[in-house]
């Protein structure tokens, strides 16, 4: 190859890159590629924690708290879907809580209700929706849940007193909570860790978007978090562990291809750069 | 920490740092003008504005996407120097804004800078453009301005978030010379990838001092430097304390370990 | 004295006697202050601005530094935080007119003079008006009919439905789409910037590659052969070389301290700049202009 | 027929057309983009106006003043009018008074911010275990020495990075001193490495959004993708 051809490698037109990127994302959506998944340690710990609750304390309630809105549904929705599927597969009781207005509607109608049909979950008997709280109310809610759950929540999302639901029978304080699951695009873990959790009891399971995740590794090291799902990769890991292979694994497949593409582009660009430079040096001599 | 009384050592430190800064400012105003190091990206302003003028295309400045806060004001004061260069070359500038109050301050800033450079007639009421208060609507509007006006120089200073890369890549694609600086550390990598010159971290706060060589601002920068050294000294002291606590002999003798713990925990807030 | 003041400013839910008089009085009083400011000599103007700037900052500074009651962690200023925040957001909200006026001016001018691209200004104005009208209708009477039903073609549309169309169909989707543009740009930026042309660019590239390999399946597959536990059940020290562990170490041991160093500089810069604004020590064209 | 009706569902159709229009900009600026850019800006401004009224002015100002009789809120109106001084020669300076109040409000909050955000970072740089001398080994640990060595190395590295980055950000001390200059250079290299890491860890979230947009078009709207 001469200098020009090498040079082409480092000056690929951006529109070509964009077109390849689109194709690479679309292929796994149409033709699911199930790549072998290697779930990360944190995803596996997340999964194992739920399994352990199902075995050791199946009568406790699991709180599923969501701070995400449709703007990060690309990651958080699939995390929520995988986690709730797992809860239903092991027939654990759970409660939905939201600190975002749209989150509560989306979680209830687009995730839980379709899954409930599949797994025969009945509202009030197997799960309950504690509704939406504004962010300003976070501190009183988090602190209140420690000592008095019915007194803090009072009513479900439709205004029915929660004590009327069989699922809430015997659920009084923090010690009746099997796990706290937090699905979020923001820095919401610190609040729960500071005001609700006590030495990872009940187990704190965290599902942030991929950008947020690196900030929270220290909490995993200190054992303040039992497990973490990192973005869509985490959702894909989880579906792999569950064996469900829904959209999360397809998106994770697409993501692998995208990463491969970007890495390939970087390598090509550098080969082109190196070869062109070497050739021009030769000409200089 | 909600109030000073939760830990007076911490609050005392904040007061001490403030006094150092204000003291250095006052000293500099009395004539002790200090010297500061080169900030490479800022020397490119004249070059960028000059080239834009040769090409007959406008200069764009975006003061970030937060409301009227200290960061945005600092960005506007950097822009007032750029605007003077624009006025000297007789070019045109566009400032898109995301906040109505910022719009008002930006209009005043631009007018003042043009008047300062002796070209008040260059100011046009369409130069400062309020677009909307929504992050991504603003981003799509700015992207539209960049491609339609074919801006030849683009200055991105202020608080930027995810949209940083939209501005920088679109600008890169129309071939603009781009200089950027932000207080949001997580966006700096994207500016580095797509802009010609990037100023990092608190070079952003030093920029107006560097450009104006004003004694007050230079004094403030020196004050900040002393504060950094003070923070480093505290870290070293704390480290020595923590390290000594790992020496078995010292850790087990209460004569040493009590004062060591006291020193180490001085700045802790319950 | 304080009691009389409190009584004077007390809310009057039923619009009792003097409600409208007090409204008028309040307006008059404020306008009188503005008038007095305007009459003040020109050379006093900078001082007036400096005074109000100082006043604005003094509340939060005093609220922070004033010793608190240890039982409640509050001082005498704490209860007014909501009021101050409310005042600031109400007064700040009045400024939205500045933005709306300048935009409407620009677009109606385009339209009136049929300048090139005036069609886009028309589109802007139509959607602006639609969103404002149906948004407000949605807030006040969501159920009121906007478009009556035409059997066989469409059902009745109420204000809420139209607001949903504009908000969910338009605003949120357009926002997500703009956000998604970044995916394309991040790919082209990575391709262009990550070259071995200088030590700095090379370092940037290596760190990014390590993190990328550490976060996808085929990356972790590369080193999945290193088992975290040895045959005898003890931990395997070589497991630190698994790519995801290297990535994690990089984030914790390199990224965290670097970010901290930046943070110290940034926050000191913020402190210094804030002090200059608060004490009106700032310099620059805006601050040195003759008023 | 049902499918055609679904394709013309106004909310989905609006969203899908808008999505395609906006994304088309990455290839080339075009009319389709320009139309939806202006639709977007119009909607956003309208929403700003509506949002400001329903979430701020109506509850805090109008309802408080009219319904609850807190008449004193009327006094904010003349203050708000001061912004509009910029439209006149005579009252321009008045806008600076109210701008000044806002500068002050922002500046005054800095003390609490600094104490609450920065000082903990200072203490975290040596607490709880950034010691440069390793703690005594845990009994029965087969890799005790290895753990001690990595503990010390990691902590030295951590300290070294904080120091070199801070030195890079010193402005006033003339960097003629060789040691200072070299430390600052190392600081800059470390910064680049850290920035690369940030870049790498952002890619996934950004890509997930594009994947989600494609899912919206091909699953929610076109229904070509199952699941």
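Quick rundown of the values:
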{"read-out": "Positions within the range C:58-103 being more than 7 Å from chain D (Cβ to nearest Cβ) and in a loop (DSSP other than H, G, I, E, B), in sequence order", "value": "C:66, C:67, C:68, C:70, C:71, C:72, C:73, C:75, C:76, C:77"}
{"read-out": "Failed item in (1) surrounded by 20 or more Cβ atoms within 10 Å (Cβ to Cβ); (2) modelled with pLDDT under 95, with residue B:151 passing the rest", "value": "(2)"}
{"read-out": "Test: residue in the range D:47-56 that is within 7 Å of another protein chain (Cβ to nearest Cβ), surrounded by 19 or more Cβ atoms within 10 Å (Cβ to Cβ) and more than 13 Å from residue C:93 (Cα to Cα)", "value": "yes"}
{"read-out": "Sole exception among (1) in contact (Cβ under 8 Å) with a residue 60 or more places away in the chain; (2) under 26 Å from residue B:98 (Cβ atoms); (3) in a helix (DSSP H, G or I) for residue B:189, by number", "value": "(1)"}
{"read-out": "Test result for residue B:236, more than 25 Å from residue B:19 (Cα to Cα) and either at pLDDT below 95 or not in a helix (DSSP H, G or I) (or both)", "value": "no"}
{"read-out": "Helices (runs of 4 or more DSSP H) wholly inside the range D:64-175 containing at least 3 residues that are farther than 27 Å from residue B:266 by Cα and in contact with a helix residue (DSSP H, G or I) (Cβ under 6 Å, 6 or more places away or on another chain)", "value": "D:76-81, D:92-108"}
{"read-out": "Matching entry among B:87, B:52, B:44 (being part of a helix (DSSP H, G or I), closer than 17 Å to residue C:284 by Cβ and either touching a helix residue (DSSP H, G or I) at 6+ places or on another chain (Cβ under 7 Å) or in contact (Cβ under 8 Å) with a residue 12 or more places away in the chain (or both))", "value": "B:87"}
{"read-out": "Single match in C:218, C:134, C:163 (criterion: at pLDDT below 85, more than 8 Å from chain D (Cβ to nearest Cβ) and part of a helix (DSSP H, G or I))", "value": "C:218"}
{"read-out": "Residue, surrounded by the fewest Cβ atoms within 10 Å (Cβ to Cβ), within the range B:154-175, restricted to residues that are closer than 17 Å to residue D:29 by Cβ and within 11 Å of chain D (Cβ to nearest Cβ)", "value": "B:174"}
{"read-out": "The range D:125-142: number of residues that are more than 8 Å from chain B (Cβ to nearest Cβ) and surrounded by 15 or more Cβ atoms within 10 Å (Cβ to Cβ)", "value": "0"}
{"read-out": "Filter result for the condition that a residue is under 20 Å from residue D:165 (Cβ atoms) and within 8 Å of chain D (Cβ to nearest Cβ), over C:263, C:209, C:275, C:252", "value": "C:263"}
{"read-out": "All positions within the range D:13-34 that are within 7 Å of chain C (Cβ to nearest Cβ) and under 12 Å from residue C:174 (Cα atoms)", "value": "D:14, D:15, D:18, D:19, D:22, D:23"}
{"read-out": "Qualifying residue in the range C:181-201 (condition: more than 7 Å from every other protein chain (Cβ to nearest Cβ) and not in a helix (DSSP H, G or I))", "value": "yes"}
{"read-out": "Single unsatisfied condition, residue C:120 versus (1) closer than 26 Å to residue D:54 by Cα; (2) at the interface with chain D (Cβ under 7 Å from one of its Cβ atoms)", "value": "(1)"}
{"read-out": "Any hit, the range A:70-84, residues being part of a loop (DSSP other than H, G, I, E, B) and without any contact (Cβ under 8 Å) to a residue 40 or more places away in the chain", "value": "no"}
{"read-out": "Residue match in the range C:144-156 (condition: in contact with a strand residue (DSSP E or B) (Cβ under 7 Å, 6 or more places away or on another chain) and in a helix (DSSP H, G or I))", "value": "no"}
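Okay, residues lined up against (1) assigned by TED's automatic domain parsing to the domain that holds residue B:56; (2) closer than 19 Å to residue C:192 by Cβ; (3) assigned to a helix (DSSP H, G or I); (4) touching a residue at least 40 places away in the same chain (Cβ under 8 Å):
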{"site": "B:138", "(1), (2), (3), (4)": "yes, no, yes, yes"}
{"site": "B:142", "(1), (2), (3), (4)": "yes, no, yes, yes"}
{"site": "B:146", "(1), (2), (3), (4)": "yes, yes, yes, yes"}
{"site": "B:160", "(1), (2), (3), (4)": "yes, no, no, yes"}
{"site": "B:168", "(1), (2), (3), (4)": "yes, yes, yes, no"}
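The values are calculated or read from the model by the stated rules, or taken from the named source; none is laboratory data. Since we're looking at a predicted model, the values are computed, not measured. Backbone-built Cβ (ideal geometry, glycine too); neighbour counts: all protein chains shown.
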